[in-house]
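> Below: one structure in structure tokens.
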Amino acid sequence: MSRLHGGRVALGTAAAAVAVLSLLPLAYLFIAGFSPHEIGMLFTYPTTIPDIVRTVGLTVAVCAVCLVLGVATALLVVRTTVPLRRTLTVLFALPLAVPGFVSAYAVYSMNLVYAPRLDIVTSFTGATVVMALTLYPYVFLACVVAVRNIDPAQEEAARSLRAQPSAVFFRVTLPQLRVAIAGSLLIIALHVLSEYGAMVQLRQRTLTTTIMAEMLDYGDYASARSLSVLLVSLAVLMLLAGRMVSGRPVPLSVGRQSVRTPTRARLGRARGPVLVLALLVPLAAIGPTVFMTLRGLVMTHRDVFVDWSQVAASGGVTLLYGAGAGLLATAAALPVAWWVSRRPSPWSHVAERSVWLAHAIPNAVLALALVFLATRLVPGLYKTAVLLIIAYVVMFLPLAVSNQQVGLQAAFVRYDEAAASLGHRAWQRLRRVSLPLALPGIATGALLVGLDASKELTATLMLLPFNTQTLATGLWATTNGQSLDFTAAAPYALVLVILGSIPVWLIVRRTLRHVR
Amino acid sequence: MRRARLRASVALTAVAAVMLAGCSAASPAPSESGDTATLTVYTDQHAELVKALTDAYTTKTGVAFNIQNDATAGQIQAEGSASPADVFLSEDPGPAAQLAAAGAFVPLDQSTIDQVQPKLSDPKDEWVAYAARVRVLYYNPTLIAEKDLPTTLADITAPQYKGKFAWAPSGAFVATVQYLISTIGMDQTRSFLEKVKANGVNEQSNGNVRDTVEAGKHAMGLSNHYYWWVKAAEVGGPDHMTSKIYHFPEVDPGNLALSSGAGILKTSKHQAEAADFLAWLTAPDGGQTILADGPIDVNEGQYPVGVGMTSATVGSLSDVKSPVYDMSIFADQAQAQQLLKSLGMSS
């Protein structure tokens, strides 16, 4: 018993250490300094309040569109008789492989090449749609699993009480998706808050683009830090809102195995039209990127030489860093996820929430914090891949933690107790019962971290080891002269999307089980 | 089954260990001793140009380089005394002047300064110009004839150009504003900017200004000259471009020349090697030849600044009628930034 207790203490300590480490970059804002006076100054400029309003507006609007798209697409493949359900599932998840700034760059180029006088994608609505189309798969993937795990008995009971179909959906089905929806919307909201590249392409001034401009265009770092404090405050509000959306856990069912296959809504003659409509979603999401990439590759008037060996080398580096980040984040997230799902307490929740905060500040501010801290605390690691991978882990840890929580929820405590009653030791139970059950969630977390790390741009630019480039920084370098037609970016975009499709495929392959 | 799983987890751990070890080994450690030093260059200049310049120097001397692209003054300041940077190559004069004012640079050799045309480098000789760009007006001849273009920057706010021109709150735009404040004063600069805001379209970046004028969305746009040449190189030459570059006919702030500056960090452990590199960078038979005669997808048509040097692509900097002024006014651009922010015209 005392060994068991010791193990718990060790886990709790490890979790607390991870939480403190991920909060460390935020401490930089306080060490390097920001002033209330400076924050007060910000509000004398005519742009600050509109920027905040636009930032919040974009976040809410993107989340709303993602919610509708994500839930609708998940219900479509799990609960209807739409044809080609497995293909649709893969296609619905695929936009995750395309980095937001690449997608934004592609649609902007397309807009400029084919409709130069129209501001189609550079409006608030355009930006919302473009961003939502790259981010809704988070909701989709979480909801496919959640919808599949709903016990149909509850809906049947509601129907037997003559509830309208809409009432069944809003009062029985939707509440059971709350946890899945809240988790994925939080990821999306924080993504939108800290997005830089895509917002610049789509001409949306947000707090993050303003912070970047202070740093890059004006060299005013005190002002950048003050704006970052505002942004972090917004993120804290989102985290609190996330708690409200997820609410108290709703009993899903007795256990995974007991869930019967739900009845599918028969679409009848509408099958064809619904399929066509459904296909429009992935087409709008990845169509422009694919089209502009292929167009860029076949354009003949360019005399700029494409160095494919350099593109391939960047691909190798990207793969290595992504895999390193995925593995390290998995190891760092496990104690936190374990603590919060197995020993929920105010402290474990604080630890879990604190890994989210670092996800909300612009990556460039986080990178600057790591520059500041690393050169003072661990100078030997500065400008090595190790520090860059640590930066990725700090940035994308929430993806690992939240997916591991889902995994650990699947590994019910009572299975562990049953194994214990059969005389298995703690380590044996972990290895033979809990881990295998939790593994899908853990793997999904690792893959998502690897995927996001391989798409990351702004922190990578600052922390990348000398004389190396990733696909994202290689692509960025081609926008140096801000190309009109995407031609120089095309080779990098091609490899980036192909590489990104691998983790997406691995994740979606597991999800496919649920749409049979 | 059990063994297989165990083996898998051992293998996974091993892969992770090898990966981390490989990562740290993959990054080259700057050589502290040996025959030739490795110089670490921090730069926000266009990557191709810096690569071409440093590659040529490596070929000539054997000195190797570590290059930090997209570097900022803030990164160097955050690194503090531990900064690995030896040399900073800026794109605009601002960051070089800012670092100089913060006391980050050492004074440069007079012989290096003297290789460059006067008034382009730091008056205190702490950074030297190695390239330059000029502010220009792009125009689309399908939408406006050359004879109808404004003859001074001030005229762009005339009523007939309302809604017809693009601008971007870029670093070069801030520099122009700082220049205007230092010459015509705050009040006149403010009223000029208010009219720019009311009459023009903010296209956010110089590249977007070029693209939107080229695509025919705007008749004219304020930008830097070389963006046009980058695009021209990409589409197969100036003949394939629709838009054109226009220099204002008389000496005018609309033709402002802006230096790219090079400085040596106080914290550098390779002072002598860094000084040799800057001497070569500004020499007529050194780095300046790449700016003058190099391929355009490398030097992007940026102007050479060596005494008497002419670019094969864009001609001589002295043919552009830029005002002659003191570049150290860009060390503190707070006035310009403050003004732009208070007008809601900042990026």
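The values are calculated or read from the model by the stated rules, or taken from the named source; none is laboratory data. What you see is a predicted model, and the numbers here were worked out from it, not measured in a lab. No Cβ is skipped: glycine too gets one built from the backbone with ideal geometry, and neighbour counts run over all protein chains shown. Areas reflect the complete protein model, heavy atoms only, side chains present, ligands, DNA and RNA absent. Shrake-Rupley method; radii C 1.70, N 1.55, O 1.52, S 1.80 Å.
> Just one of the numbered conditions (1) touching a Phe, Trp or Tyr at 6+ places or on another chain (Cβ under 8 Å); (2) buried (at least 21 other Cβ atoms within 10 Å of the Cβ); (3) assigned to a helix (DSSP H, G or I) is not true of residue B:301; which one?
Unmet for residue B:301, out of (1) touching a Phe, Trp or Tyr at 6+ places or on another chain (Cβ under 8 Å); (2) buried (at least 21 other Cβ atoms within 10 Å of the Cβ); (3) assigned to a helix (DSSP H, G or I): (3).
> A further question follows. Residues to consider are A:461, A:499; find the one that is touching an Asp or Glu at 6+ places or on another chain (Cβ under 7 Å), more than 24 Å from residue B:228 (Cα to Cα) and open to solvent by 20 Å² or more (accessible area, probe 1.4 Å).
A:461
> Within segment B:229-245, track down each residue that is more than 9 Å from chain A (Cβ to nearest Cβ), open to solvent by less than 20 Å² (accessible area, probe 1.4 Å) and not in a loop (DSSP other than H, G, I, E, B).
B:232
> Ok, one more. Looking only at residues in segment B:204-223 that are more than 8 Å from chain A (Cβ to nearest Cβ) and in a loop (DSSP other than H, G, I, E, B), which one is surrounded by the most Cβ atoms within 10 Å (Cβ to Cβ)?
Taking the candidates together, the pick is B:218.
> Continuing with this model, one more query. Which condition breaks for residue B:341 when tested against (1) within 14 Å of another protein chain (Cβ to nearest Cβ); (2) buried (at least 23 other Cβ atoms within 10 Å of the Cβ); (3) in contact (Cβ under 8 Å) with a residue 60 or more places away in the chain; (4) in a helix (DSSP H, G or I)?
(3)
> When you go through (1) under 15 Å from the mean Cα position of the chain (by Cα); (2) within 14 Å of chain B (Cβ to nearest Cβ); (3) not basic (Lys, Arg) one by one for residue A:464, which number turns out not to apply?
It fails just one condition, (1).
> How about segment A:154-206: which helices (runs of 4 or more DSSP H) wholly inside it have at least 3 residues that are over 21 Å from residue A:143 (Cα atoms)?
Filter on segment A:154-206 gives A:197-201.
> Moving on to the next point. Could you say whether any residue in segment A:128-151 is outside any helix (DSSP H, G or I), within 14 Å of another protein chain (Cβ to nearest Cβ) and either charged (D, E, K, R) or closer than 30 Å to residue A:234 by Cβ (or both)?
Looking through segment A:128-151, none of the residues is outside any helix (DSSP H, G or I), within 14 Å of another protein chain (Cβ to nearest Cβ) and either charged (D, E, K, R) or closer than 30 Å to residue A:234 by Cβ (or both).
> Here is a further query. Quickly run through segment B:168-194 and pick out the residues that are within 14 Å of chain A (Cβ to nearest Cβ) and open to solvent by less than 20 Å² (accessible area, probe 1.4 Å).
Within segment B:168-194, B:168, B:169, B:170, B:172, B:173, B:174, B:175, B:176, B:177, B:178, B:193 meet the criteria.
> Here is a further query. Condition check: under 30 Å from residue A:211 (Cβ atoms) and either touching a strand residue (DSSP E or B) at 6+ places or on another chain (Cβ under 9 Å) or modelled with pLDDT under 90 (or both). Does residue A:371 satisfy that?
yes
> I've got another one for you. Identify all residues within segment A:105-139 that are closer than 19 Å to residue A:54 by Cα and over 22 Å from the mean Cα position of the chain (by Cα); write none if there are none.
The answer is A:119, A:120, A:121, A:122, A:123.
> Which of the residues belonging to segment A:45-80 are among the charged types (D, E, K, R) and under 18 Å from residue A:265 (Cβ atoms)?
A:79
> Right, next: Would you check which residues across segment B:69-87 are outside any loop (DSSP other than H, G, I, E, B) and either of a type in the set (S, T, N, Q) or more than 7 Å from chain A (Cβ to nearest Cβ) (or both) and list them?
B:75, B:76, B:77, B:81, B:87 - these are the residues of segment B:69-87 that are outside any loop (DSSP other than H, G, I, E, B) and either of a type in the set (S, T, N, Q) or more than 7 Å from chain A (Cβ to nearest Cβ) (or both).
> Select, from B:64, B:85, B:47, B:56, the only residue that is open to solvent by 10 Å² or more (accessible area, probe 1.4 Å), under 28 Å from residue A:317 (Cα atoms), in contact with a strand residue (DSSP E or B) (Cβ under 9 Å, 6 or more places away or on another chain) and at pLDDT 95 or above.
Answer to the check: B:64.
> Restricting attention to segment A:340-356, which residues are under 17 Å from residue A:409 (Cβ atoms), part of a helix (DSSP H, G or I) and of a type outside the set (Ser, Thr, Tyr)?
Once the filter is applied, which keeps residues that are under 17 Å from residue A:409 (Cβ atoms), part of a helix (DSSP H, G or I) and of a type outside the set (Ser, Thr, Tyr), segment A:340-356 yields A:340, A:342, A:349, A:352.
> Could you tell me which of the residues A:380, A:322 is within 14 Å of chain B (Cβ to nearest Cβ), open to solvent by 10 Å² or more (accessible area, probe 1.4 Å) and among the small types (Gly, Ala, Ser)?
None of the other options fit; the residue is A:380.
> Sticking with this one: From A:438, A:400, A:351, which residue is within 21 Å of the chain's Cα centre (by Cα), free of Cβ contacts under 8 Å to residues at least 40 places away in the same chain and closer than 23 Å to residue A:19 by Cβ?
Being within 21 Å of the chain's Cα centre (by Cα), free of Cβ contacts under 8 Å to residues at least 40 places away in the same chain and closer than 23 Å to residue A:19 by Cβ holds for just one of A:438, A:400, A:351, which is A:438.
> Would it be correct to say that residue B:298 is within 14 Å of another protein chain (Cβ to nearest Cβ) and in contact with a helix residue (DSSP H, G or I) (Cβ under 6 Å, 6 or more places away or on another chain)?
It is true that residue B:298 is within 14 Å of another protein chain (Cβ to nearest Cβ) and in contact with a helix residue (DSSP H, G or I) (Cβ under 6 Å, 6 or more places away or on another chain).
> I'm checking my understanding of the structure. Among residues of segment A:325-347 that are among the small types (Gly, Ala, Ser) and buried (at least 22 other Cβ atoms within 10 Å of the Cβ), which one is farthest from the other protein chains (Cβ to nearest Cβ)?
Checked segment A:325-347; the qualifying residue farthest from the other protein chains (Cβ to nearest Cβ) is A:337.
> Any idea which residue in segment A:1-52 is least open to solvent (accessible area, probe 1.4 Å), counting only those that are aromatic (Phe, Trp, Tyr) and modelled with pLDDT of 80 or more?
The residue in question is A:28.
> May I ask you to list the residues in segment B:42-68 that are under 22 Å from residue A:363 (Cβ atoms) and either among the aliphatic types (A, V, I, L, M) or more than 7 Å from chain A (Cβ to nearest Cβ) (or both)?
Scanning segment B:42-68 gives B:42, B:43, B:44, B:47, B:67.
> Does segment B:240-296 hold any residues that are of a type in the set (Ser, Thr, Tyr) and under 30 Å from residue B:79 (Cα atoms), and which are they?
The answer is B:259, B:260, B:267, B:268, B:282.
> (1) within 14 Å of chain B (Cβ to nearest Cβ); (2) assigned to a helix (DSSP H, G or I): which one isn't true of residue A:306, the others all being true?
In the conditions (1) within 14 Å of chain B (Cβ to nearest Cβ); (2) assigned to a helix (DSSP H, G or I), residue A:306 misses (2) alone.
> What pairs come up if the first residue lies in segment A:318-347 and is touching a residue at least 12 places away in the same chain (Cβ under 8 Å), the second is buried (at least 20 other Cβ atoms within 10 Å of the Cβ) and not in a helix (DSSP H, G or I), and their beta carbons are under 6 Å apart, counting only those six or more places apart or on different chains?
Hits for this filter: A:318/A:470.
> Hey, another quick one. Tell me which of these residue B:133 doesn't satisfy, since it passes every other one: (1) in a loop (DSSP other than H, G, I, E, B); (2) within 14 Å of chain A (Cβ to nearest Cβ).
For residue B:133, the failing item is (1).
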